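Visitor: Shown below is the structure under consideration.
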Amino acid sequence: MPPVSAKQGWLAIVLVAVVSGSLIKQQESLFLRMLGLSSRPNPVSPAPVPSVLWKIYKQVASLPPEKRRMDLCHVEEFQVPGNIIRLFPDQGRAVDHPELRSPLCLDKRLYFNLSAIGAEEQVTFAQLEVRFSHNSYHGRVFELRLYRALRVSLRGVPASPESRQLLVERSFRLLHRSLTFDLLEAVREWRSPGRNLGLILEIAAADPAPLQLPSDRCLALRSFLYASLLTVSLQPGQCRAPRRRRDVAPLLVTPSSICRRRRLYIDFRDVGWQNWIIAPQGYLANYCQGECPYPLAEMLNGTNHAILQTLVHSLEPNKTPQPCCVPIRLSPISMLYYDNSDNVVLRHYEDMVVDECGCR
């Protein structure tokens, strides 16, 4: 065999690096699809994480594994089934009115792009929040009307009564709170093609003084900040009934070569995901490794098939392999992250942490 030149050696190294990089990208793509993402997110102007999502994340993360499995597909905060919580920012536009002719303080088109919700998901909760940047008390009373748009209206052309459906009509004062509205039925209808035309939000001052200009009576509403839509959905395929744990005697002495759980901490910074995963920064995933020797002790959680396989292996080691050391009990984790549309998502994922190993 002729000697390998330096050039050929470098080409071989480059080829191995390319193949290795390709395999890593394939594995990353597979995992991202499991998370419901088309590609690695790259948030440009991410929205702040709402306090309610932090609250839910911390509640679930603090649960012990057994309780976490039971609560995997139930959102205690809203008392609804679900394992995916998303926050959609408003992408609509404000409508300009001649200040002295319009009785409205605010005329805003609201639109939420719901394309991130998968076709197989069941939406169980949808809440619109209208927030003001300065929620201090004002004595003036305002009238709010929220419509569902039924037809597309041209810019600058007043909408006809047939082009909208009144959903909410409410009087309010600017207090130390935001305004929330149930939009579950509307969101369910919006998921049909061509049905999501958004909302129309109108706010006017109630009983304005006769000589008062619109700019004066609407002064308190200049602090309008933004609107957002929070949804909870359920992906049934990811909500299996929790497996019952077998009670086994504690292992007092565990040789290093015996099948058992090993420690593995995954740091998302190591794989370059720290810019789109909000929390956790990493998690203890663990893995299984070790032998399943004959005789197969009860502490190794072997099946009847594994026990017989070890027996046959002891008689014919060259023909029959030992059983494999594999995970037999796993628990979920919760992840708070930005998706491909820069939406904030809180999602619970099954089978992410190895809790127990056994021979199979």
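Rule-based calculations on the coordinates, nothing more; no lab input. Computed from a predicted model, the values in this text were never measured in an experiment. Counting neighbours? That spans all protein chains shown, and the Cβs are built from the backbone with ideal geometry, glycine included.
Visitor: Could you estimate the translational diffusion coefficient of segment 246-360 from the Stokes-Einstein equation, with Rh from the Kirkwood formula over C-alpha pairs, at 10 °C and 1.306 mPa s, in whole µm²/s?
Guide: Roughly 97 µm²/s, to the nearest whole number.
Visitor: For A119 and L35, compute 0.36 nm times the residue count separating them, minus their Cα-Cα distance, and round to one decimal in nm.
Guide: Extra length from A119 to L35 when fully extended: 28.8 nm.
Visitor: Further, regarding this structure: Given R₀ = 51 Å, FRET efficiency for R145-H305 by Cβ-Cβ distance, to 0.05?
Guide: Efficiency for this residue pair is about 0.15.
Visitor: Right, another one. Which order do peptides 306-319, 110-123 fall in by mean Cβ count within 10 Å, highest first?
Guide: 110-123, 306-319
Visitor: Another question about this same structure. Skipping prolines and chain starts, which residues have an amide H placed within reach, meaning under 5 Å, of the one on E356, given they are 5 or more residues away or on another chain?
Guide: Residues meeting the criterion, in which the H sits 1.01 Å from N, are I328, R329.
Visitor: In nm, give the distance between the simple-model label positions of V168 and R131, each being 7 Å from the Cα along the Cα-to-Cβ direction.
Guide: 1.5 nm
Visitor: Separation of segment 289-358 and segment 110-134 by C-alpha centroid, Å?
Guide: Segment 289-358 and segment 110-134 have Cα centres separated by 38 Å.
Visitor: In addition: Between N42 and E185, what length comes free when the chain is fully extended (0.36 nm per residue of separation minus the Cα-Cα distance, one decimal in nm)?
Guide: 48.3 nm
Visitor: Now for a separate question. Each residue of segment 79-90 in turn: what ³J(HN,Hα) in whole Hz from Karplus with 6.51, -1.76, 1.60 and θ = phi - 60°, glycine and Pro shown as x?
Guide: Karplus values, whole Hz, x for Gly and Pro: 6, 9, x, x, 9, 9, 10, 10, 10, 9, x, 5.
Visitor: Taking amide H atoms as placed 1.01 Å from N in the peptide plane, list the residues 5 or more away in sequence, or in a different chain, whose amide H sits under 5 Å from that of W276.
Guide: none
Visitor: Hey, can you grab everything whose amide H is under 5 Å from the amide H of L150? Only 5+ residues off in sequence or another chain; H modelled, so Pro and N-termini drop out.
Guide: Under 5 Å from the amide H of L150 lie the amide H atoms of R164, Q165, each far enough along the sequence or on another chain.
Visitor: On to the next question. Extension gain R177-L23, at 0.36 nm per residue separation less the Cα-Cα distance, in nm?
Guide: Extra length from R177 to L23 when fully extended: 50.4 nm.
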